[in-house]
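Undergrad: Have a look at the structure that comes next, please.
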Amino acid sequence: MAEDRLSDYRKKRKGSRTDEPTGAAKDRRSSSGGGSGSTGGRKHPRFVIQRHDASSLHFDLRLEIGGVLVSWAVPKGPSVDPADKRLAHRTEDHPLDYADYEGRIEEGYGAGTVIVWDTGRYENLTEHDGEAISAEDALAAGHLKVELHGEKLTGAFALTHTKLGGDEASWLLVKVDDHGADRRRNPTSTQNESVLTDRTNADLQE
Ligand code: MN
């Protein structure tokens, strides 16, 4: 099933010069030994936020749900101030092994540099009338609350499907006011390095 969910991912990359994961089954198998946690991910699935310096700079938020990385492009990146509403544009599901991807996409779709800006496990906190809801159901219902356990980001974030301006892909990302909230911190401008390799996007530009 995860295979079918990646057909958009593959279609967009046809003919591109890129070293991004292909999303083929063999790629996922080979990555499972690499510590990305395909077995340990059931209870605490993984999230990643990639800083993607493409034609326009943005941050790609990806949540492991149903065997793929469900993805949103966030032009301004996440804010840790609960007063900020950040537009999040739902994009195509990505293969799980994309969570470790850093590199330079030479040309074609998404050309530019990608670093892993933050990553870790997350917990799905979504409830409806006091009942816990699975991440897949929450996604379908258009409201997700997830607690991130990252290096730069901690605490809960709410994702809401707003369909702003009639755009089916339009969501909002807002920090929940909890221990991870901070009105003074601005990690998307002060902490630009990769949490995996300390590299910046500029380092990958060569
Ligand atoms: Mn992107």
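The values are calculated or read from the model by the stated rules, or taken from the named source; none is laboratory data. Please read these numbers as outputs of a predicted model, since none were measured by experiment. All Cβ positions, even for glycine, are placed from backbone atoms using ideal geometry, and neighbour counts span all protein chains on display. Heavy atoms of the whole protein, side chains included, go into the accessibility calculation; ligands, DNA and RNA do not. Shrake-Rupley method; radii C 1.70, N 1.55, O 1.52, S 1.80 Å.
Undergrad: Residues being on the phi > 0 side of the Ramachandran plot and at pLDDT below 95: count how many of those fall in segment 70-111.
TA: 2
Undergrad: Please tell me if Glu131 is open to solvent by 20 Å² or more (accessible area, probe 1.4 Å), over 24 Å from Thr188 (Cα atoms), more than 16 Å from the ligand (Cβ to nearest atom) and in contact (Cβ under 8 Å) with a residue 24 or more places away in the chain.
TA: In short, no.
Undergrad: Tell me which residues, restricted to segment 143-167, are assigned to a helix (DSSP H, G or I) and in contact with a strand residue (DSSP E or B) (Cβ under 8 Å, 6 or more places away or on another chain). Spell out how you get there, then give the answer.
TA: Filtering segment 143-167 for residues assigned to a helix (DSSP H, G or I) gives 164-166.
The one that is assigned to a helix (DSSP H, G or I) and in contact with a strand residue (DSSP E or B) (Cβ under 8 Å, 6 or more places away or on another chain): Leu164.
Undergrad: Which of the residues belonging to segment 51-85 are surrounded by fewer than 21 Cβ atoms within 10 Å (Cβ to Cβ), away from the ligand (no atom under 14 Å from the Cβ) and over 25 Å from Ala24 (Cα atoms)?
TA: Answer for segment 51-85, where residues must be surrounded by fewer than 21 Cβ atoms within 10 Å (Cβ to Cβ), away from the ligand (no atom under 14 Å from the Cβ) and over 25 Å from Ala24 (Cα atoms): Val80, Asp81, Pro82, Ala83, Asp84, Lys85.
Undergrad: Do the conditions hold for Thr39, that is, is it of a type in the set (Val, Ile, Thr), modelled with pLDDT under 80 and surrounded by fewer than 21 Cβ atoms within 10 Å (Cβ to Cβ)?
TA: yes
Undergrad: How about segment 94-122: which of its residues are open to solvent by 30 Å² or more (accessible area, probe 1.4 Å) and either more than 11 Å from the ligand (Cβ to nearest atom) or closer than 14 Å to Leu69 by Cβ (or both)?
TA: Leu96, Asp100, Arg104, Glu106, Glu107, Gly108, Arg121
Undergrad: Another question about this same structure. Could you give me the residue pairs with C-beta distances under 8 Å whose first residue belongs to segment 155-175 and is under 9 Å from Ala88 (Cβ atoms) and exposed (fewer than 12 other Cβ atoms within 10 Å of the Cβ), whose second residue is at pLDDT 95 or above and of a type in the set (Lys, Arg) wherever it lies, and which are 6+ apart or on separate chains?
TA: none
Undergrad: Name every residue in segment 176-202 that is exposed (fewer than 12 other Cβ atoms within 10 Å of the Cβ) and more than 15 Å from Gly155 (Cα to Cα), in order of residue number.
TA: Arg184, Ser189, Thr190, Asp198, Ala202
Undergrad: How many residues does segment 176-185 contain that are in contact (Cβ under 8 Å) with a residue 40 or more places away in the chain and farther than 21 Å from His89 by Cα?
TA: Number satisfying all stated conditions: 6.
Undergrad: Look through Pro78, Pro95 and report the one residue that is more than 21 Å from Asn201 (Cα to Cα) and in contact (Cβ under 8 Å) with a residue 40 or more places away in the chain.
TA: Unique residue meeting the criteria: Pro95.
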